């Protein structure tokens with residue numbers, strides 16, 4: 001399969017100021033085998049008017065109330081028909097029109113075993129873009145999260161999973177640990193180059209809630225390996241002491 005079918009899902013709600021830049025970065029991609037899905041949470045601020053301008057470029061578009069960002073992302077998984085899926089939500093965008101095309105050879109190499117491929121990101125700091133290099137997902141027995149905007153999931157391998165909507169910020173980390181539990185051996189590969197521009201902001205910047213959810217996820221422990229679980233708990237203990 002030389003040109004895998006790629007699904008891009010954009011989740012949005014009242015994103016009139018940011019949605020167009022995200023859409024443009026996707027509909028102008030040079031990669032030909034692409035499907036594009038937008039899941040809107042019944043926006044009332046003009047977001048839907050902008051989306052409709054590009055409706056001819058969309059494979060699927062729906063607008064209805066939802067239970068937050070991860071509920072909408074779950075809807076995207078159910079609709080997607082691609083071999084690989086990426087969540088490029090409102091406000092973030094691919095850094096140029098060849099971004100997907102550049103990484104496809106890396107994806108093809110691992111399509112038979114990798115549940116996900118992840119890249120690095122550009123972070124917007126005022127008028128400057130700075131590269132943020134992701135740490136390895138598994139490092140010293142600990143699991144690190146990665147920006148979901150920079151992740152391509154193998155849809156056949158993750159299709160039975162859902163994002164847990166009880167989490168408002170960290171359901172993607174919970175999702176990552178579910179994959180780690182389900183897979184045997186290395187389930188991911190890193191592409192060491194920036195793919196997207198990550199804007200940040202909004203609820204994702206709530207560090208207190210993020211720390212609370214991360215601890216809850218870690219203690220719930222999807223990880224069956226007792227050594228990994230031990231190191232996760234030691235790391236959490238250190239984080240709690242540092243904040244106290």
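The values are calculated or read from the model by the stated rules, or taken from the named source; none is laboratory data. As the structure is a computational prediction, the values presented were derived from the model and not from experiment. Cβ coordinates were reconstructed from backbone atoms using ideal geometry, including for glycine residues, and neighbour counts include every protein chain displayed.
Descriptive notes on the structure:
- Residue identified as under 26 Å from residue 176 (Cα atoms), surrounded by fewer than 14 Cβ atoms within 10 Å (Cβ to Cβ) and either in contact with a strand residue (DSSP E or B) (Cβ under 9 Å, 6 or more places away or on another chain) or modelled with pLDDT of 95 or more (or both) among 81, 44: 81
- Of all residues in the stretch 92-126 being farther than 19 Å from residue 31 by Cα and surrounded by fewer than 18 Cβ atoms within 10 Å (Cβ to Cβ), the one that is modelled with the highest pLDDT: 123
- For the stretch 119-148, the set of residues classified as within 23 Å of residue 95 (Cα to Cα), touching a residue at least 12 places away in the same chain (Cβ under 8 Å) and not in a loop (DSSP other than H, G, I, E, B) consists of 119, 120, 121, 122, 123, 124, 129, 131, 132, 148, listed by residue number.
- Applying the criterion of being within 14 Å of residue 188 (Cβ to Cβ) and at pLDDT 85 or above to the residues of the stretch 134-149, the residue that is nearest to the chain's Cα centre (by Cα) is 148.
- Qualifying residue in the stretch 98-110 (condition: under 19 Å from the mean Cα position of the chain (by Cα) and closer than 18 Å to residue 170 by Cβ): no
- Screening 38, 26, 8 for residues that are part of a helix (DSSP H, G or I) and buried (at least 20 other Cβ atoms within 10 Å of the Cβ) leaves exactly one candidate, 26.
- In the stretch 62-74, the residues that are over 13 Å from the mean Cα position of the chain (by Cα) and crowded, with 17+ Cβ neighbours inside 10 Å: 63, 66, 68, 71
- Residue 131 within 19 Å of residue 199 (Cβ to Cβ) and either at pLDDT 80 or above or surrounded by fewer than 18 Cβ atoms within 10 Å (Cβ to Cβ) (or both): yes
- Among the residues listed as 168, 160, the single one being modelled with pLDDT under 90, part of a loop (DSSP other than H, G, I, E, B) and under 18 Å from residue 77 (Cβ atoms): 160
- Qualifying residue in the stretch 224-236 (condition: modelled with pLDDT of 80 or more and either in a strand (DSSP E or B) or in contact with a strand residue (DSSP E or B) (Cβ under 7 Å, 6 or more places away or on another chain) (or both)): no
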